Structures are given as structure tokens and as C-alpha cells.
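Down below is the structure, laid out as C-alpha cells.
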Amino acid sequence: MSDRRYDWVFLDMDGTLADSLPVLYDVYAAFLARYGKPPTRSEFERLNGPALLEIVTALKDAHDLTETTGNLMEQYTKLLMDRRAHGAGTVSGAVELIQTLGKREFRLMLVTSSPAEIATRFIERHGWDDCFEAIVSGEQVSKAKPDPAIYRQALAEAAVPSDRVVVVEDAVNGVRSAIGAGLAVAAVACNQAAQDLTAAGAQWVVPDLHALRARVEAGCW
């Protein structure tokens, strides 16, 4: 075992590596517009992390939508796939962070509530096929973030002790999920307030991926 503190880095995708939150908000807003319901930023933030079925179920309950969950899922999925057809770009600093983690021989896993198809397309589009050893998606667990199931699944697939892993997240739900699985978390406060990420349990909070990369280069991990 190495002398450094961590061997694995589990990275979230949407909002952390992928600049996809504007697209995801547009999907959420367009879905509600079909039923004459107004979108709100606060509701969208609460739904940043759960898997698609949980998002649709929550919207159905919150807005008294009368269609079946299956029909609503079909509509939401179509909106999502249509609007993500051209893919999301990377968050500023993501390319450099992945390069630095690779040079320092960290083992990487992508842990995302998004469908595996979207996650695979994302890493292939940006030439990261050989950087990530595995993808764990929301389709693999029955409960999504903030439930710890997805990070427990990631730990099982990595077959590594929890104290050898650090998670990179951008959302409160993601932080809570990782903390619930007993993992250390570095949170990037580019989408949610630093104080909220700290309150959720993040051990470190940085303003962006450039600051996180500097931490890695300084040998803090």
C-alpha cells in the first residue's frame, strides 16, 4: 500500500466534471412547462443528485401530475436524451485535474446518477476512456443520492477500504451520499454554496477544480 493517504478518487459527473447543469435545468423546466407548472431553482437544486426515476416521482408528487409514472418517465427521458444528444462540455479545470490525477497514478471511478449510456458517451467524447477504471451509474442502485447506496456500490466494485478513497462532488446530495458511505469528500463550490457543502459533511471545500488540482499537486492527498 502506498504511503499517501488515498489511492482511489471517485468523481461525480454532472456539475463536477461535465458542464451539464444548464442543460439539466432546461430539461426540468421544459418538463414542467408541459403541465403549466413553474420551475424553481430551489426545487432543481434539491433534485441534483437523485436518479431519474426519483426525480420524476418527486415531480409527480410535488406538482400533482396525474399521468402514470411510466408515461412521465418516458417524457422526461426523451427530453433528456434529445437535449444531451450533442453532449456536455467539461467544467473549467476538469481536463487539467484528470491529467494531474493520472500523472500521480490515482485510480479513478466515475460515480453518477445519470444513465450509464450518457456517462460512457461523456468520457469517450473527451478521450478519458483509459483514465477511468469503471463507471457506477444510478441504474445500478435502487436508491440514488443522497442515499449512500451508489457510493457503497462503487466501493464494492473497487474492492478497496473506504479510508483509501476520496470523493469529488459539487452538490449537497452527493456529499451526503458519500459521507453516508463513510468516504472523505472534497466538494467544489461552483454550483452550491460552500457553507451548505460544509454543513453536509465535506472535509474540504474549494471554489473550483483549479484549486482542487493545486491541492493534489501539493501532495495533500
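Every read-out reported here was derived from the displayed coordinates using simple, explicitly stated rules and does not represent laboratory data. Worth saying up front: this structure is predicted, and the values here are computed from it rather than measured. Here the Cβ is made from the backbone with ideal geometry for all residues, glycine too, and neighbour counts use every protein chain on show.
For this structure, a couple of remarks:
- This model, with +1 at the C-beta of Lys and Arg and -1 at the C-beta of Asp and Glu, gives the range 1-41 a dipole about its Cα centre of some 280 debye.
- Charge context of Ser114, other residues only, Cβ under 12 angstrom, K/R +1, D/E -1: -1
- Taken about its Cα centre, the chain carries a charge dipole of roughly 200 debye when the Cβ of each Lys and Arg holds +1 and the Cβ of each Asp and Glu holds -1.
- C-alpha long axis of helix 52-62 to longest principal axis of the chain, angle in °: 50 degrees
- Our helix-only sum for the chain, with -39,500 (n - 2.57) per DSSP H run of n ≥ 4 divided by its residues, gives a mean residue ellipticity at 222 nm of -13000 deg cm²/dmol.
- For the chain, DSSP calls about 5 percent of its internal beta bridges antiparallel.
- Sum of side-chain charges, Trp8 neighbourhood, beta-carbon under 13 Å (Lys, Arg +1; Asp, Glu -1): 0
- Taking every C-alpha pair closer than 8 Å and separated by at least 6 residues, the mean separation divided by the residue count of the range 21-83 gives a relative contact order of 42 percent.
- Computed magnitude of the charge dipole of the range 21-83 (debye, nearest 20; Cβ of K, R +1, Cβ of D, E -1): 140 debye
- Sparsely packed loop sites in the range 118-178 (the trypsin sites (Lys or Arg not before Pro) outside DSSP H, G, I, E and B with at most 12 other Cβ atoms within 10 Å) do not occur.
- Relative to one another, the C-alpha centroids of the range 112-126 and the range 45-81 are positioned 20 Å apart.
- Residue among Gly180, Thr100, Val205 farthest towards the positive dipole end of the chain, charges placed on Cβ: Val205
- The chain: relative contact order as a whole-number percent, Cα under 8 Å and 6+ apart: 25 percent
- Cβ-Cβ FRET estimate between Lys103 and Ala29, R0 fixed at 30 Å, reported to 0.05: 0.15
- Whole-Hz ³J(HN,Hα) from phi, Karplus 6.51 cos²θ - 1.76 cosθ + 1.60, for the range 181-186, glycine and proline x: 8, x, 9, 6, 10, 9
- Spin-label pair Glu43-Arg83: with each label point 7 Å from Cα along the Cα-Cβ axis, the two points sit 1.4 nm from one another.
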